[in-house]
Amino acid sequence: MTNVITDDKIPNNVNLSGDKRLQRALEAWQPKFIDWWKEMGPAPWNEKDIYLRTAISVETEGWANFDYVKMPDYRWGIFLEPKKEGRLHHFGDNMGQPVWDEVPGEFRNMLRRLIVTQGDTEPASVEQQRKLGETAPSLYDLRNLFQVNVEEGRHLWAMVYLLHTYFGRDGREEAEELLQRRSGDADKPRILGAFNEPTSHWVSFFMFTMFTDRDGKYQLAALAESAFDPLARTCRFMLTEEAHHMFVGETGVQRIVKRACELMKQEPNGDVRKAGGVDLPTIQKYLNLWYTLSLDLFGGEVSSNAADAFASGLKGRYKEDRYDEHKLVGSHFAMDVLENGKVIHKDVPMRNALNEVLRTEYIKDCQRGVDRWNKTIREEGIEHELKLPANKFHRQIGMWSGHFFTPDGEMIDQAAFDARRTEWLPNEADETYIKSLMQPVYERGKMANWIAPPIKGINGLPGDFEYVKLP
Amino acid sequence: MDKPSADGGPTRFETHPSRYKHWKLAVTGELATLTMAVDDEHPHKPGYELKLNSYDLSVDIELADAILRLRFEHPEVKCVVFTAELDRVFCSGANIYMLGLSTHSFKVNFCKFTNETRIYLEDASANSGLASLCACKGTTAGGGYELALACDETMLVDDGNSAVSFPETPLLAVLPGTGGLTRLVDKRKVRRDRADVFCTTAEGIKGKRAKEWGLVDHVVSRSSWDATVTERAKSLSAKQTVTRGPAVELPALSAKVEANGVKYRYVELQVDRTARTGELTVRGPEASDVLDFTTPETWSLHAFRELDEALLRLRFDFPEIGMIAVRTVGDPKLVVLHDELLATTTTGFAREIRLLQRRVLKRFDNTARSFYAVADSAQSCFAGSLLELALGADRFYMLIDGDQKIGVATSVANAGFNVMSSGLSRLGARFYGDPELATAVLQRGAPKPKSPRGAIALPPERAKLLAEHPAYKLAMSIEMIPSEEAEKLGIATIAADDIDFGDELRIALEERASLSPDALTGMEQSLRFVGPETLETKIFGRLSAWQNWIFTRPNSTGEHGALTLYGKPERPQFGWKRT
């Protein structure tokens, strides 16, 4: 039986029905994707009706279509922001020249690598989160999890579309391998380290969507500036969906924080754990862990790849238009670097510092989220502040890896770090405790004890709406 | 000695596993593991960090030392496994920032040294029963893959991500500098159109295709990795038929570094910086030296190890000394005695000494300096293994003395074992057009057992021990070929009497030192390697011709060249004219 790809099955704005080559590629790939989803996705939930948002067009009213759907039947679509005629390179060495509608041969490998690396993270997170449905704190959260999952699936489709359409046979092979690598797999792990750690409970899930998906936002935003126009247009549309993921993360943590404060006040001596909540110091530890894992994803502080990608017009800065200067030849970025074992502040050529420039934007964005959590704590009348640790703390990639810093950014030796490690990062006892809290709550409108209810429901619906239909 | 130059000299090529910074050597029974764990904070010279298991001279000096020690100190080892400490990266090749910071002559000599080390690895497999397995559990790029190509077998992890690659051309506008291109098509016999695709795909080729194209021998999953490494290493080990040993520990060379040269026990290099000339003197064995092929102190090993390091120091630390006069001092009978005894000693250790001599003599051939051998004293001893230096030199000047004390003698060392990179003996290369002349020289210069010329002053106990040994009888019966006859036989380039000799030699040295060093390098290398091409001659020839040309072209090292700008904010700009 042949698998027929139609516009109806795969909503798109890329003229799929008129593109035989793309149809044929997707016809071969789509069944493998469904197999992958069934094997590695949230398997026990595949037959349930879930109130999901589906993008069926790029128009304002089209991208947010809410209805019940079974996940394997989700219409993963291919959407690019509509083409703007006459777009020009707006940064890098080729400024002022028309953007590319096809892959320039010179940059084929570099582009493919960028797309594969980005694409690999999308299925990875679905794999990392596949068990979470079993311990959802509410139907509302369960539905949000699945919304995130199907959209990560759609982002994979978006990257696969680019590989199939623009990279020939190599692209098709890479698209297949996106389905063959597995998060945490001993044989074929995902490309980036942070995507091989399981998201074993909901505290980590919310931290992941807050911090790690926010890395995704910044990477997509930088690729959305690309002079390879199909990539830019694809990423711009993906950004609208990524915003929801971060909303899930930021409000998820905010609700845990709120509940911690409530429990502190209820318990005579403020022992949140005794009351079955997640105490603020533990929240701080998970924040430290996921924030620093996510900082790693931006890559080396001083990077020739970053310089190359910018110079050639493949990857810009976050909101490139906000900057005055777009060539960045001769300009510098003042940053901390490690020289002869000491931290010094020095000027690095701007193009080589672009990973750090993007990371700096990201850190500001994260700080805004943490500020809102602290506002919640203050509103609850509690004296406590959550903090982002220093960017040098607990790093595995880049110039700070292999060196040891306190969360305040003070350099220490490994022995001193190891001695205080469990003070700063979750230990096994914390994991055991958090997992002990993870009991599913599938009753409409009910919440697990360790998390506060959301302020409002999905799509203007009430909090006790049946977001997931259970028999 | 001068202050350290931009290239980091003076350079010590001797090291010891206890001092390794970049490799970990572990020996378990028949298997050795060399784990690449490059310490990024200890490069050969300041100015760059050795990230991602990239290497520089300091890393390769340790590698060369480890291979040498496995041959001599761990004869039980039959297979060495190369692996890496990093999880996702095997080796990312030569450090690009190091190349960018280095002078041209340093880059060339760095490549030459790394090439020699890899050829030695192949030599150990071919001749010494020491196979090699490259276990690439992660990205294997550039020089990292060239190390793999020099091994007997290569495994690549099949993790959907790790690839072998030659990114030199697409990323840096240069070539793989360690024989990679030649080994790809000549040794591994990768189809040349596929090799073309491979060498222009910066990210390389991974998984099944890497095996299908013959780039690696095995692609292995992460979970069966360790078991397969052991299985393959044991299989390679089981195939080895040559045995080495007994084990000896290589002693330190104790170089005495001075302002204008370096002195060892048997070898001395002195330079004249104004004249840009140098004197390389190799002393033969003393009668009082221990003549015993169970000790590493034996002249045949120690003197050649010293010569090896002296040649390397000449290459790296004295780039402007272009003209070297090579002299020998000692008793030719003792040299021949050592050669003959060595050749008849059947231990693996003795074989290792001969193989080391052969490699050092090749290092001499491959050194881009003008060498004139000079026999101008009755103390000179161009005999046997030391005659190879005269035969390998670009010219050989001999003084004709009245009482015919100056001469040359041949030994078993000249009869074919000491081949050049071309596979020819130095006599064979010298008389390429007329092999009979080589035979004639061997016959004329060889020891004549029936006409003993008288004993030499060995310590009495040893003389007693050796007196009946055929090698001793041979050595005692050598007949020197005096200078005038040596010229007629085609050994000496010029033989002159004391009226002419001084001026003849002085003018020759001064004239040579005045010629363009670039042209001389090309000319000497073309003339020295007469005869057939081999993998080795191709590797060195192409390094000298193509890579060195490309290294000096604007597209790689000009202001806007790719190597110059690597890691810098600007992208390279090429001139598009092709030759």
- Item | Percent of alpha-carbon pairs separated by more than 17 Å within region A:97-207 | 58
- Message: Taking just the alpha carbons, could you work out the radius of gyration and Dmax for region B:528-579, both in angstroms?
- Response: 15.0, 48
- Message: As a test, work out the antiparallel percent of DSSP beta bridges whose residues both lie in region B:256-519, rounded to the nearest 5.
- Response: 40
- Inter-chain Cβ neighbour average for residues A:169-176, partner chain, 10 Å: 1
- May I ask what percent, to the nearest 5, of DSSP beta bridges between residues of the protein assembly as shown are antiparallel? 45
- Query: Which whole number of Å³ per residue matches the convex hull of the alpha-carbon atoms in chain A?
  - Reply: 159
- Item | Sequence ranges B:114-123, A:393-402, A:252-261, B:551-560, ranked by mean other-Cβ count within 10 angstrom, highest first | A:252-261, B:114-123, A:393-402, B:551-560
- Message: I'd like the distance between the alpha-carbon centres of region B:163-204 and region A:66-136, rounded to an integer number of Å.
- Response: 31
- The set of residues whose placed amide H lies less than 5 Å from the amide H of residue B:82, leaving out same-chain residues fewer than 5 positions away, is B:34, B:133, B:134, B:135
- With helices defined as uninterrupted DSSP H runs, which ones in chain B have an alpha carbon span along their own long axis of at least 20 Å and mean Kyte-Doolittle hydropathy of at least 0.0? B:57-73
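Which whole number gives the average count of other chain Cβ atoms within 10 Å of the Cβ atoms across peptide B:561-572? Don't skip to the end; give the middle numbers.
Details: counts 0, 0, 0, 0, 4, 3, 8, 6, 19, 10, 10, 1.
Taking the mean over all residues of the peptide, I get 5.
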- Query: Per the helix-only calculation at 222 nm, which mean residue ellipticity applies to chain A, given -39500 (n - 2.57) for every DSSP H run of n ≥ 4 and division by its residues, nearest 500 deg cm²/dmol?
  - Reply: -15000 deg cm²/dmol
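Determine the shielding of peptide A:302-308 by partner chains: average, over its residues, the number of Cβ atoms on other chains within 10 angstrom of each Cβ.
Details: counts 1, 1, 8, 1, 1, 7, 7.
What the average comes to for A:302-308 is 4.
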- Task: Tally the DSSP beta bridges in chain A and give the antiparallel ones as a percent, rounded to 5.
- Result: 90
- Cα Rg over Rh - region B:256-519, Kirkwood: 0.95
- Task: Rounded, prolate or oblate: pick one for region B:183-314, where a ≥ b ≥ c are the square roots of the eigenvalues of its C-alpha gyration tensor, a/c under 1.5 means rounded, and failing that, prolate if a/b is larger than b/c, else oblate.
- Result: oblate
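What relative contact order, as a whole-number percentage, does region A:17-154 give when Cα pairs under 8 Å and 6 or more residues apart are counted? Walk me through the numbers before you get to the answer.
Values: 114 pairs, mean separation 33.3, N = 138.
Computed over region A:17-154, the figure is 24 percent.
Please compare each pair in A:9/A:32; A:38/A:446; A:38/A:469; B:45/B:362; B:362/B:405; A:131/A:469 to a cut-off of 22 Å on the Cα-Cα distance and tell me which ones are over it. Before the final figure, lay out each step's value.
Values: A:9/A:32 16 Å; A:38/A:446 29 Å; A:38/A:469 19 Å; B:45/B:362 28 Å; B:362/B:405 29 Å; A:131/A:469 18 Å.
From A:9/A:32; A:38/A:446; A:38/A:469; B:45/B:362; B:362/B:405; A:131/A:469, over 22 Å: A:38/A:446; B:45/B:362; B:362/B:405.
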- Checked region A:11-58 against the a/c 1.5 cut and the a/b vs b/c comparison, axes a ≥ b ≥ c from its Cα gyration tensor; verdict oblate
- Could you grab the relative contact order for chain B? Cα pairs under 8 Å, six or more apart, rounded to a whole percent. 12
- Message: Going by amide H atoms built from the backbone, whose H comes under 5 Å of the H on residue B:220, apart from near neighbours?
- Response: B:156, B:157, B:158
- Message: Which of rounded, prolate or oblate describes region B:17-238 when judged by the alpha-carbon gyration tensor and an a/c cut-off of 1.5?
- Response: rounded
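Under 19 Å between C-alpha atoms is the cut-off here; go through region A:225-326 and count lysine pairs that meet it, provided they're at least eight residues apart or on different chains. All intermediate terms of the calculation are to be shown ahead of the outcome.
On the way: A:258/A:274; A:258/A:285; A:265/A:274; A:274/A:285.
The result is 4.
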- For region B:426-432, Karplus couplings with θ = phi - 60° (6.51, -1.76, 1.60), whole Hz, Gly/Pro x: 5, 5, x, 5, 5, 10, 4
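Calculated FRET efficiency, residue B:568 and residue A:17, Cβ-Cβ r, R0 45 Å, to nearest 0.05? The partial results should precede the final answer.
Details: r = 47 Å, r/R0 = 1.05.
For R0 = 45 Å, the calculated efficiency reads 0.40.
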- Between residue A:348 and residues 5 or more places away or on another chain, the pairs with built amide H atoms under 5 Å apart involve A:333, A:334, A:335
- Which whole-number percent is the relative contact order of region A:16-469 (Cα, under 8 Å, 6+ apart)? 19
- Message: For chain B, what does the helix formula give at 222 nm: sum of -39500 (n - 2.57) over DSSP H segments with n ≥ 4, over the residue count, nearest 500 deg cm²/dmol?
- Response: -11500 deg cm²/dmol
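In region B:238-344, which trypsin sites (Lys or Arg not before Pro) are in a loop and have at most 14 other Cβ atoms within 10 Å, using DSSP for the loop call?
Numbers: sites: B:239, B:244, B:256, B:263, B:265, B:273, B:276, B:283, B:305, B:313, B:315, B:327, B:333; in loops: B:239, B:244, B:265, B:273, B:276.
Here the sparse-neighbourhood loop sites are B:239, B:273.
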- Item | Rounded Å value of the spacing that divides the Cα centres of region A:358-381 and region B:463-535 | 81
- Work out the length of the dipole vector of the protein assembly as shown about its Cα centre, built from +1 on the beta-carbon of each Lys and Arg and -1 on the beta-carbon of each Asp and Glu, and round it to the nearest 20 debye. 1440
- Item | Under 23 Å from the Cα of residue B:78 - lysines, other chains or at least 8 residues apart | B:24, B:137, B:187, B:234, B:239
- Query: For region B:387-450 and region B:207-250, what is the separation of their C-alpha centers, rounded to whole Å?
  - Reply: 41
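None of the figures in this text is laboratory data; all of them are computed from the coordinates on show. Given the structure is predicted, the values throughout are model-derived calculations rather than measurements. With ideal geometry, Cβ positions are generated from the backbone for all residues, glycine too; neighbour counts draw on all protein chains shown.
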